[in-house]
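The values are calculated or read from the model by the stated rules, or taken from the named source; none is laboratory data. Note that the structure is predicted; figures quoted are calculated from it, not measured. In this analysis, Cβ positions are derived from the backbone assuming ideal geometry, glycine residues included, and neighbour counts consider all displayed protein chains.
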Amino acid sequence: MTDPLLSVRDLVSGYGSTRVLQGVNLDVDKGSVVTLIGRNGVGKTTTLRSILGSVKPTSGTVTFDGNDITELSPEKTAQAGIALVPEERRVFPGLTVRENVEIGRIGGRRDIEKPSVDEIIDEFENLARHHESRGANLSGGEQQMLAIARALVSAPDLLMLDEPTEGLAPSIVKQVQRKITELNDEGVTILLVEQNVQVALDAADYVYILDKGQVVHEGPADEVAESEEVLDRYLGVSLAE
Amino acid sequence: MSVATAVAEQVLNGLVVGMVYVLLAAGLSIIFGVMDVINFAHGELFALGAYFAFAIAGPLGGAGFWVALVVAPLLVGVIGMAIERLTVKRLYGRDPLYHILLTFGLVLIINDLITSVWGKSAQPFPIPAALDQPIALFGFTYSMYNYAIIVIGSVLALGTWLLLSRTQFGMIIRAGSEDREMVRNLGINIDRYYTLTFGFGAALAGVAGIVLGAFQNVSPTMGNAVIIPAFVIVVLGGLGSFRGAVAGGLFVGLVQTLARTYTPFLEGLIVFLLMIVVLVVKPTGLFGTSIGAGEHHDGALLHGAGGGVLSSETRAKLGYAAVGVLVLVPFLAELTGVTYSVTLLEDILIWALFALSLDLVLGYAGLVSLGHTLFYGVGAYASVLTLIHISPSVFVALVVAVVVCAAIAWFVGYLSIRVSGVFFAMITLGFAELFYNAVFKFDFTGGSDGLFGVDVFYGLAGLGIDPGEFEIPLGLFVFDGGIVQYYFLLAMVVGSYLLARRLIRAPFGSVLQAIRESEDRASFIGYDVTAYKRRAFVVSGGLAGLAGGLFAANNGYVAPSFLHWINSGEVIVMTVLGGMGTLYGPMIGAGVFVAAEDILSSYIDQWQLVIGVLFVLFVIFVPRGLVSLPRTVADHPTFGSVVRDQTSVTETEVEQHD
Ligand SMILES: Nc1ncnc2c1ncn2[C@@H]1O[C@H](COP(=O)(O)OP(=O)(O)OP(=O)(O)O)[C@@H](O)[C@H]1O
Ligand SMILES: [Mg+2]
């Protein structure tokens, strides 16, 4: 087998003196969708931020495409080809939809062809109508799509999404879910953080369950979906209902 | 001249001043919006622009002005970029307070450089001959140069707007002012843009300085004169909003000019009144959408606490020793003939009390009071007025000073503590400037001269000491009125310290500390955070009033300079220099600052420069203040072992807070 695209080993990380991650291990194979699930506050976002470099890990390594990126700043990590769709979306409220995508295109890798802004916006039917609206004036679902578009326009090798369905109406959740599958079909590698276990399991090839800063269970998505005991113990959910 | 043309002329004058403000405020606002930096040195960059142009245009003559108008701002821009790279940059990630401190140090440095190169007095900077004539337009004649200013200002404002709204650079700047971290996450190195932005803002200030310099003259105080109005404009318009800076600049220019002509009494007051009203009604300013990036900064205030290499007993002993020495000083001074040291110590004691008062809000409640001299000045005025009109007793005067200042603090706090952060800083500054400008206006405050030659009686109801007549010879030593004043002062300052310490150790202090550590958690537990902060502010205002009252009583005078914003800056400097969040730190800071100023100023002309440089280094490298030095040394890998062996480092948390 080939080496994974992203490989996280014994990652310890946190804020100030509080340790949040206590040695996380995970791999993301090229072309796959991997999801990371876990209860509130177990360190999912911190994992993504430590990979990106906006939180500095205390120890452990992050390897991306064969290179050690543990110590890289977020700018450099993004330039290496990792894009983040952050928690709460964080579109630039004063910038127009177009500008939000344009600024995404400035970022990312320098050494590749990137899709044009129009191409990307046209891929999202609910953005195409809003070219000149400001980010602040979009609905939650539109903002989510914009945040994904902003990440995609940099043609990342790895797309990390942090709870992209949070706070969205069920019909919009479906849209987001479809988008993720679509992107994956186009060959984008995805690391997805989700609280919505159904979405997480449906989208994923492989699943990691995080608890108290450690991976407590992992496996192919269909296996995890079967093991009610695991889901109940670490997530407090049962898919049967 | 008809009324209409007279008004038209005033409006044009207002636009001229307004344009200068626009150029100044635009840079200030962009720099704040993007980097969270409150740049006090912006006024000095403005002055530098004027002086560079003055130096360039003079020898060239003729077209020199136009050459200068291009070259001087570029030079200022380069200096701005250097300042960002070498100093400002090092402080990103800390609380915006540190940028206030840093740029305050830069004010001292740049200002001193200007006076040492070009002298202290104002110099004429001639308008280019081609523009130095009236021109008839729309039926009345008006200075061509003034039209030129309006044109230059409009062109630059338009250019800036295009730069911000139509270019990639502008887009990144705007995105950065909304969410810096997200711009980084996209893979854009925003720090590079910071440097350019700082340089650009500085260059705009440089242009403003040039056009105003030729309009009036160039003088070393010109930066000082515009910086506060420029802040008002930025706050009025909305922090970080370019549109706000333009609208606010023109508006303030017009209002100031019209007020000068039609309601002279309100000149100098109206702008601050407006700012206070706007902030109370709409804290985000006229065009601001949020309170600015300043509200969700993640940077920490670095407290002095943690100097705990010395055990608390050792520190207490040192405290007793210090008081003991202070008690003996008058005798030693008399014996050695260095009586001037007593005067210096009195100054130090008063500033120490002032710094202590500031620390209660800054270090313990996390509120940056940028206009703390309001209380110092009002306390001084209140006590002098009491001495003149009500009672010659120092006790009555001081009680009045404390009560008046506490009441004002309550009122200001009532208006502003709801929303903290930059808003609070600006509103306190606004009130301080309002009072500063007001005391010039009234007879009962003595106008620009202040009030002099006040008699003070150290007693009550006829029982006590009149320092003018008191004298007891004790052998070699004469125990005179001056010494009585000194001991009184010493007693008041030590008493205030003990009071503050009690307060901080009481439940009230613990709540403040809980708030300082995590406001959310404190309010979650059920404390009324706003009420506690307001109480701390009231106590702080009262103590600052006491400091001002003591100075006035001790020296028998008060003057408008007591209310000047430089005092507010200096007392913040002392507090941080010593180490905020400890009660003794700021007092030590005051001692070091006042003594250094006194000693340096008597040996070197460029003492401001030296203090400025030292201070800048301090802010960058020793942000926790002098009291943190023992710990820093103890933690040092090589020096540390020496200190560690001799002292116990066992005590930690419990002892950090007093
Ligand atoms: N900036 C921060 N400073 C200090 N502690 C933080 C910070 N961000 C998060 N934490 C803490 O770190 C822990 C893990 O947070 P993280 O955001 O990684 O959790 P999460 O799994 O993403 O949770 P959620 O599902 O709520 O998004 C939490 O206890 C949180 O309180
Ligand atoms: Mg999260």
Within segment B:169-187, can you find the residues that are facing chain A (nearest Cβ under 7 Å) and assigned to a helix (DSSP H, G or I)?
-> B:M171, B:I172, B:R174, B:A175, B:E178, B:E181, B:M182, B:R184, B:N185
Give me the pairs, please: first residue somewhere in segment A:144-173 and within 14 Å of chain B (Cβ to nearest Cβ), second residue anywhere and of a type in the set (S, T, Y) and within 16 Å of ligand 1 (Cβ to nearest atom), beta-carbon distance under 7 Å, and either six or more positions apart or on two chains.
-> A:D162/A:T45
Options B:G201, B:G206, B:G176, B:G213; residue that is assigned by TED's automatic domain parsing to the domain that holds B:V70, among the small types (G, A, S) and over 28 Å from B:I109 (Cα atoms) = B:G176
Being within 13 Å of chain B (Cβ to nearest Cβ) and either within 16 Å of ligand 2 (Cβ to nearest atom) or within 18 Å of A:L21 (Cβ to Cβ) (or both) narrows A:V55, A:V101 down to just A:V55
Quick count over segment B:57-86, residues being of a type in the set (A, V, I, L, M), free of Cβ contacts under 8 Å to residues at least 12 places away in the same chain and touching a helix residue (DSSP H, G or I) at 6+ places or on another chain (Cβ under 9 Å), is 3
Provide a single number: the residues in segment B:388-415 that are under 18 Å from B:L489 (Cβ atoms), surrounded by fewer than 22 Cβ atoms within 10 Å (Cβ to Cβ) and touching a Phe, Trp or Tyr at 6+ places or on another chain (Cβ under 9 Å).
-> 3
Considering (1) within 25 Å of A:A200 (Cβ to Cβ); (2) within 16 Å of ligand 1 (Cβ to nearest atom); (3) without any contact (Cβ under 8 Å) to a residue 60 or more places away in the chain; (4) away from every other protein chain (no Cβ under 14 Å), say which one A:G38 fails and leave the rest.
-> (3)
Selected residue [under 29 Å from A:R39 (Cα atoms) and more than 16 Å from ligand 1 (Cβ to nearest atom)] from A:S116, A:S133, A:S154, A:S171 = A:S171
Return the total of residues in segment B:517-531 being part of a loop (DSSP other than H, G, I, E, B) and surrounded by 11 or more Cβ atoms within 10 Å (Cβ to Cβ).
-> 3
Do we find that B:T582 is assigned to a helix (DSSP H, G or I), within 28 Å of B:D95 (Cα to Cα) and touching a helix residue (DSSP H, G or I) at 6+ places or on another chain (Cβ under 9 Å) in this structure?
-> no
When only residues in segment A:58-108 that are surrounded by 23 or more Cβ atoms within 10 Å (Cβ to Cβ), within 16 Å of ligand 1 (Cβ to nearest atom) and assigned to a loop (DSSP other than H, G, I, E, B) count, which is modelled with the highest pLDDT?
-> A:P86
When the residues of segment A:15-29 are filtered to those that are in contact (Cβ under 8 Å) with a residue 60 or more places away in the chain and within 22 Å of B:N185 (Cβ to Cβ), which remaining residue is nearest to ligand 2 (Cβ to nearest atom)?
-> A:V20
Please work out if A:L191 is in contact with a Gly (Cβ under 6 Å, 6 or more places away or on another chain), at pLDDT 90 or above and within 16 Å of ligand 2 (Cβ to nearest atom).
-> no
Candidates A:D122, A:D111, A:D118 - the one that is free of Cβ contacts under 8 Å to residues at least 24 places away in the same chain and within 14 Å of chain B (Cβ to nearest Cβ) | A:D111
Take the residues of segment A:42-52 that are within 25 Å of B:V183 (Cα to Cα) and away from chain B (no Cβ under 14 Å): which is nearest to ligand 2 (Cβ to nearest atom)?
-> A:K44
Considering residues that are closer than 15 Å to B:V412 by Cβ and of a type outside the set (D, E), the number found within segment B:431-448 is 6
Among the residues of segment B:392-406, is any over 20 Å from B:F354 (Cβ atoms) and not in a helix (DSSP H, G or I)?
-> yes
All but one of (1) part of a strand (DSSP E or B); (2) among the basic types (K, R); (3) within 13 Å of ligand 2 (Cβ to nearest atom) hold for A:R39; which doesn't?
-> (1)
Can you tell me which residues in segment A:130-167 are within 16 Å of ligand 2 (Cβ to nearest atom), in a loop (DSSP other than H, G, I, E, B) and not β-branched (V, I, T)?
-> A:E163, A:P164, A:E166, A:G167
Among the candidates B:Y145, B:Y193, which residue alone is surrounded by fewer than 24 Cβ atoms within 10 Å (Cβ to Cβ), touching a residue at least 12 places away in the same chain (Cβ under 8 Å) and within 14 Å of chain A (Cβ to nearest Cβ)?
-> B:Y193
Would you please name the residue that is farthest from B:L543 (Cα to Cα), looking only at residues in segment B:487-516 that are among the basic types (K, R) and either touching a Lys or Arg at 6+ places or on another chain (Cβ under 8 Å) or exposed (fewer than 14 other Cβ atoms within 10 Å of the Cβ) (or both)?
-> B:R505
What is the number of the single condition among (1) within 16 Å of ligand 1 (Cβ to nearest atom); (2) of a type in the set (G, A, S); (3) surrounded by 19 or more Cβ atoms within 10 Å (Cβ to Cβ) that A:A149 does not meet?
-> (1)
